[in-house]
Amino acid sequence: MIQDKDTNIVYFSEWLNAKQGGHPGFFKRLTSLLDKIGIKWDMLKHTADYWARDYMPLQLAEDDYLKYVYRPDYLYKVDGRAQYITDCSESCNELGIQYRTTDIVIDGGNVVDCGAYIVMTDKVFEENDVPKNDKILSDRLEKALRKNVIFIPWTRHSQPGDKETDVYGHADGFIKYCGENKILMSNLRDTYPDEADAIRQVLEYHGYNVTEMLFDVTHPDTDVNWAYINFLQVGNEIIMPCFGISEDKQAMRYISEAFPECNVHAIRMRCVAYNGGALHCLTWNIRR
């Protein structure tokens, strides 16, 4: 799978810049920053939502894209939300991208390439209506993704339409691969310590060295401080969310130490993070 460090262009849904329902001010600040640091960017047309990561195909090699079934329960099971499910076929055709297909239900944000393995949360079994750790689905995923897959545990704490807790089950909301055998992990321990322990144990069992982003602040801002792990890396440039809170400096230190070869920039985005995602969710970065 093409890793973030090997990508050279980032795409956004055209809805992100929409005056109604988008975040045009944030879009302008973000694209200005990309221009400043020399990162190419472009727009995706024919999308139904301003998030981009979850429905666009996975780039497994330079000319190998995998299109999957995008049917997240937090959209199709919630009244009035199914209209935001994007079929990326037209977007890919517009870009001249050819792809192969699988009928497995996947969210792009739930696929994190960690070198020797791809890491996904085990919500993928629920989404495909099979028991957790189903051997047939596991084998099919590994065949489609062309790499062995590690499944980290995810616990449903609420129903699909609840905005107060994680209904997505995306691995990119928990971990980020740092190269070699190193993984940076979110501050999940602050809210669900048992779940954090379970995820860490699985990763360490497979040989990874895990660093958790734990914040030592007097008044933690739990509305947004989960979002630091969902940063964007294109080549050796990293853009991380920040919120004007005490955790910002500590998050910058964690990411800078985990990626010493990268330049780390910060951008305010509280308005976006309140809606359940951050920079990695908003973007689709590939190598072209």
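The values are calculated or read from the model by the stated rules, or taken from the named source; none is laboratory data. Keep in mind that what you see is a predicted model, and the values were worked out from it rather than measured. When we count neighbours, we look across all protein chains shown, and the Cβ atoms used for this are built from the backbone with ideal geometry, even at glycine. Side chains included, ligands, DNA and RNA excluded: accessible areas come from the protein's heavy atoms. Shrake-Rupley method; radii C 1.70, N 1.55, O 1.52, S 1.80 Å.
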Could you state the accessible area per residue of the chain in Å², with a 1.4 Å probe and every protein chain left in place? 45 Å²
Suppose we take every Cα in the stretch 231-273 and form the convex hull; what volume per residue is that in Å³? 59 Å³
Would you mind counting up the charge near PRO241? Only other residues with Cβ under 10 Å from its Cβ, with Lys and Arg at +1 and Asp and Glu at -1. +1
Accessible heavy-atom area order of LYS123, LYS77, LYS36, highest first, probe of 1.4 Å: LYS36, LYS77, LYS123
So what's the stretch 190-288 giving for Rg/Rh, alpha carbon basis, Kirkwood Rh from the mean inverse pair distance? 0.97
Over the stretch 70-117 - Rg/Rh using Cα atoms and the Kirkwood inverse-distance radius: 1.04
One computes Rg over Rh for the stretch 1-102 from alpha-carbon atoms, with the Kirkwood Rh, and obtains 0.98
With all protein chains present, how much of the accessible area of the chain (probe radius 1.4 Å) comes from carbon and sulfur, to the nearest whole percent? 46 percent
Labelled set (1) 21.0, 74; (2) 17.7, 51; (3) 19.0, 60; Rg and Dmax of the Cα atoms in Å computed from this model equals the value at (2)
Assigning unit charges at the beta carbon (Lys, Arg +1; Asp, Glu -1) and nothing else, what dipole magnitude in debye, to the nearest 20, does the chain show about its Cα centre? 620 debye
Rounded to whole Å, √(5λ) for the Cα gyration tensor eigenvalues of the stretch 123-270, largest first, gives 27, 20, 14
Using heavy-atom solvent-accessible surface (probe 1.4 Å) with all chains present, what is the largest-first order of TRP51, TRP226? TRP226, TRP51
Using a 1.4 angstrom probe and counting only protein chains, how large is the accessible area of THR101 in Å², to 10? 100 Å²
Ordering ASP35, ASP134, ASP139, ASP129 by how much accessible area each has at a 1.4 Å probe, largest first, what is the list? ASP129, ASP35, ASP139, ASP134
